[in-house]
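> So that we are looking at the same thing, I have put the structure below in structure tokens.
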Amino acid sequence: MNRSPAVAGSFYPADAATLSHMLNGFLEHAASGTQAPKAIIAPHAGYIYSGPIAASAYARLKPVRDSISRVVLLGPSHRVAFQGLAISAADTFTTPLGSIAVDRTAIEQLRQLPFVGYLEQAHALEHSLEVHLPFLQQTLSNFKLVPIVAGDASPHQVSQVLDMLWGGDETLIVISSDLSHYHDYATAQKLDRHTSDLIEALDYHTLSSKAACGKVPVGGLLKLLREKSLHIKTIDLRNSGDTAGDKYRVVGYGAYVVE
């Protein structure tokens, strides 16, 4: 079974050459860090809006292009309401750049948890995972995917899943989240700066879903980082008023890395 793209042609180009060219443009303009991240939080909007911010995180994968063999990708559900975390029975997830094999062994592991279950409709039209796939295909050589859509789940449940699949240098964790929605430019800047401060303080208790649409997966990551005595830092913080939109009603985007 294959999960076909749902937002190619709307959130990002459906033509492979155009898509690859666009991704290269974003990545070339992003600064690559000195240390490769173990985990990232990056946005999931249309590429003209959030692509440059996502690229700030993905550009840092350059040194580990050939050593990462598994990506655990966790994003919020926008279309389907459900309890817990949704996995998929698909063997591959496809984009215009090709197909990515799903790590079925990891999926079987997750199935043992009582709050994780198969729910194809949570994956079918969900963009929060899909928009990250071309970035991953462009920046990594050969990897398997563990795609998880988060419904109503606790930070403890999410951190349990992430801890189970944390692995070593071969595993990258990607958390998908945008920030504030539909405020004016100045208000959004203030709100998103505050959210970034909470993220850096690993304050998952105070984080609200109005501040970050990926609050559920983000909260689980922050809880686990606290338990592992790890830190996260903001490397990019902009909004649609900085990229391709007007400044009257903007959506906020942040890129964060755990090194």
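The values are calculated or read from the model by the stated rules, or taken from the named source; none is laboratory data. Keep in mind that this is a model prediction, so the values were computed, not measured. Positions of Cβ are backbone-derived with ideal geometry, glycine not excepted, and every protein chain shown enters the neighbour counts.
> When you scan region 33-41, do you find a residue that is farther than 30 Å from S88 by Cα, modelled with pLDDT under 95 and in contact with a Ser or Thr (Cβ under 6 Å, 6 or more places away or on another chain), even just one?
No, region 33-41 has no match at all.
> If you don't mind, another one. Given the options A6, A17, A81, A39, name the one that is under 17 Å from Q138 (Cβ atoms) and among the hydrophobic types (A, V, I, L, M, F, W, C).
Step by step, each of A6, A17, A81, A39 is checked, and only A17 is under 17 Å from Q138 (Cβ atoms) and among the hydrophobic types (A, V, I, L, M, F, W, C).
> Before we move on, is T195 touching a Leu at 6+ places or on another chain (Cβ under 7 Å), of a type in the set (V, I, T), touching a residue at least 12 places away in the same chain (Cβ under 8 Å) and under 19 Å from A45 (Cα atoms)?
Yes: the conditions hold for T195.
> Also, I was wondering about something else. How many residues are without any contact (Cβ under 8 Å) to a residue 40 or more places away in the chain, surrounded by 13 or more Cβ atoms within 10 Å (Cβ to Cβ) and either assigned to a loop (DSSP other than H, G, I, E, B) or not β-branched (V, I, T) (or both) if we restrict to region 87-117?
Matching residues across region 87-117 total 2.
> Considering only residues that are of a type in the set (D, E, K, R) and surrounded by 23 or more Cβ atoms within 10 Å (Cβ to Cβ), which ones fall in region 162-183?
Across region 162-183, the qualifying residue is only D178.
> Turning to a different aspect of this structure: When only residues in region 48-82 that are within 22 Å of G168 (Cβ to Cβ) and of a type in the set (D, E, K, R) count, which is farthest from the chain's Cα centre (by Cα)?
Selected residue: D66.
> How many residues are surrounded by fewer than 21 Cβ atoms within 10 Å (Cβ to Cβ) and either part of a loop (DSSP other than H, G, I, E, B) or in contact with a Leu (Cβ under 7 Å, 6 or more places away or on another chain) (or both) if we restrict to region 45-58?
Number satisfying all stated conditions: 1.
> Just name the residue that is surrounded by the fewest Cβ atoms within 10 Å (Cβ to Cβ) out of those in region 74-86 that are outside any loop (DSSP other than H, G, I, E, B) and of a type in the set (A, V, I, L, M, F, W, C).
Step by step, filter region 74-86, then rank; the result is A86.
> Just give me the residues in region 140-161 being touching a Lys or Arg at 6+ places or on another chain (Cβ under 9 Å), surrounded by fewer than 21 Cβ atoms within 10 Å (Cβ to Cβ) and part of a helix (DSSP H, G or I), in sequence order.
Within region 140-161, H156 is the sole residue that qualifies.
> Let me ask you something else. Taking strands (runs of 3 or more DSSP E) that fall entirely within region 172-259, which contain at least 3 residues that are touching a Pro at 6+ places or on another chain (Cβ under 9 Å) and not basic (K, R)?
It comes to 250-258.
> Going by the conditions given, is S20 crowded, with 23+ Cβ neighbours inside 10 Å, on the phi < 0 side of the Ramachandran plot and not in a loop (DSSP other than H, G, I, E, B)?
Against the criterion (crowded, with 23+ Cβ neighbours inside 10 Å, on the phi < 0 side of the Ramachandran plot and not in a loop (DSSP other than H, G, I, E, B)), S20 does not qualify.
> Would you call A122 surrounded by 18 or more Cβ atoms within 10 Å (Cβ to Cβ) and in contact with a helix residue (DSSP H, G or I) (Cβ under 8 Å, 6 or more places away or on another chain)?
no
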